[in-house]
Structure formats: structure tokens, C-alpha cells
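Data block below; observations after.
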Ligand code: IPD
Ligand code: CA
Ligand code: CA
């Protein structure tokens, strides 16, 4: 496990915000049966979680900037540090009572992601990585999978939702190309945890388009520190700038890029 002062700050903030999220997740099940549904309640839970993360991190590291999903950009006097925060990644899962969601926090220093944390309060799984220090799930060091053969590879992906209909044809073509070669495909609904699954060797690779920095910044570091490869979905080296990603072990990452390009 990483025990730096920075990681202590990040884990303390995530655990505190995670307690609230876990309580609220318990409530969602009760609201599920009401006609109005838990929509407003969930968006409040999301905002409360972000407020806690913001307060805790701003208190511990005054002056750092923020790039958050709900509040947007909050600039700080310290121009070399920016937190990228998704307080609730996997909102649709949370809303439907599926325990696959996470808090995602990454720290950018002088243009490089130097620390990442992904925490699922429902399962109490804490994933952390710091540049050059490796990647961990709770106390276990993570390593990407060793499988080299696409016919044995389990591939994660993200399906563009109803509001992104323009992205559906391309996704279907890419999915078709992957289905023709990989053993099977999964769509679990939280990009941060998809990347944690790559880092932990559960998926051989994963790709998605239409993401934001807070969805993937922590997970990118986690995969790289677990010995994996990360690029954008077209093989370029800047997933954060393009909002697309392809991550995996060395072999399947390369093959997956080839399949996507052929679609
Ligand atoms: C979403 C999840 C999902 C991905 C979407 C994201 P949200 O984040 O990560 O897996 O497919 O593109 O927007 O909305 O649950 O924070
Ligand atoms: Ca997200
Ligand atoms: Ca979110």
C-alpha cells in the first residue's frame, strides 16, 4: 500500500465522502418503488459527495485547482496542481441499485497525473496509484493480465447512452469487430472501475469514447503503474485530450487498437 502524505489526504477524503455515498445508496433501494423514482435524490447525493471531497482536499492542500464534474473548474493560486474529481462514477448503476460505482480522484502536477484513487464504497474496494510507486487494490499490488491471445481475452467497453445516439453506429461497428475475435465483452457502467479491472488483470483490455478527464485520469495511472498500456482509442498518446481511451496489457492493447481501427 502507498503511505505517502498525499495518499493519506486522498484516502481520508474518499473515505469520508464514501460514507455519505454508501448511506445514500441504501436509501435508493427504498425510493426505487416510488413513482417519482430516486432521480433527484441521487443527484443530491452526487453533489453532497463532491462538496465533501472539495472541502477536505481544499483544506489539506490549499491553493490547488479543481476540475470537478458537478461544479466544474475552480482555479487556485497554485497553477501547477489540479484535482480531477468524479464524485460518483457509475451514476446509472447507483440509481438502479447496482453496487458498481466509485469516487474517482486524480492529481495533476505540471501537466502529469501523479496520483490516482478510485473507491467503491459499496464493496469497500480502494484502488490507489502514485507515479513510480505501483498500483494497489486495498493492500494487494496490482498487475495487468498476462494473456496474449485475443480469443481468450475479456474486453471491457462503454456503451454510449440514449442521449448520445450519434455515437451509436460507430460503437456498434467497433463492438462487432471485437465480438468477432475476443472471447467476450463486458459493460459494467463505471469507467473508473473498468480501468481498475484492467489494472487488476480481470479485463485484458478496455476501450471507450466520449469520456471526461475525471472519468479516466485516476484509472490511467492505475493501469500504467500495474504494467499496462494506455492510449486514446485511435492509438494516440493523449486520452485526456481526446476523451477516448484504450487500455490493456501490452499484447491485447495493441490487438484491440487494430480491431477498432478496422471497424
Ligand atoms: C459515466 C460512466 C460510464 C461511461 C460514461 C460516463 P457517470 O460516468 O463512467 O461507464 O460509459 O461515459 O459518463 O455519468 O456515471 O459519472
Ligand atoms: Ca463519470
Ligand atoms: Ca459522475
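Taken together, the values in this text are just the output of simple stated rules run on the coordinates, not laboratory data. These numbers were taken from a predicted model, which means no experiment stands behind them. Positions of Cβ are generated from backbone atoms using ideal geometry, with glycine treated the same way; all protein chains shown enter the neighbour counts.
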Item checked: Cα-Cα separations in the chain greater than 29 Å, expressed as whole percent -> 29 percent
Next item on the list: Before rounding to the nearest 500, sum -39500 (n - 2.57) across all DSSP H runs of length at least 4 in the chain and divide by the residue total; then give [θ] at 222 nm in deg cm²/dmol.
Entry: -12500 deg cm²/dmol
Checklist line | For region 5-141, projected area of the alpha-carbon convex hull averaged over all directions, nm² | finding: 8.0 nm²
Next item on the list: Assuming a ≥ b ≥ c are the square roots of the Cα gyration tensor eigenvalues, decide whether region 150-262 counts as rounded (a/c under 1.5), prolate (otherwise, with a/b larger than b/c) or oblate.
Entry: rounded
Next item on the list: Starting with the fewest neighbours, write out 126, 179 ranked by other beta-carbon atoms found within 10 Å of each beta-carbon.
Entry: 179, 126
Note to self: Taking 0.36 nm per residue of sequence separation and subtracting the Cα-Cα distance, how much length would be gained by fully extending the chain between residue 254 and residue 5, in nm to one decimal?
What the structure shows: 86.0 nm
Notebook entry, point to check: Pulled fully out, how much extra length does the chain show between residue 238 and residue 27, if you take 0.36 nm times their separation in residues and subtract their Cα-Cα distance?
Noted result: 72.1 nm
Notebook entry, point to check: Sorted by average packing, counted as other Cβ atoms within 10 angstrom per residue and highest first, what order do 224-233, 137-146 take?
Noted result: 224-233, 137-146
Item checked: Kirkwood-based shape ratio for region 100-160, expressed as Rg/Rh from alpha carbons -> 1.03
Next item on the list: Find the centroid of the Cα atoms in region 117-134 and in region 199-249, then give the distance between the two in whole Å.
Entry: 16 Å
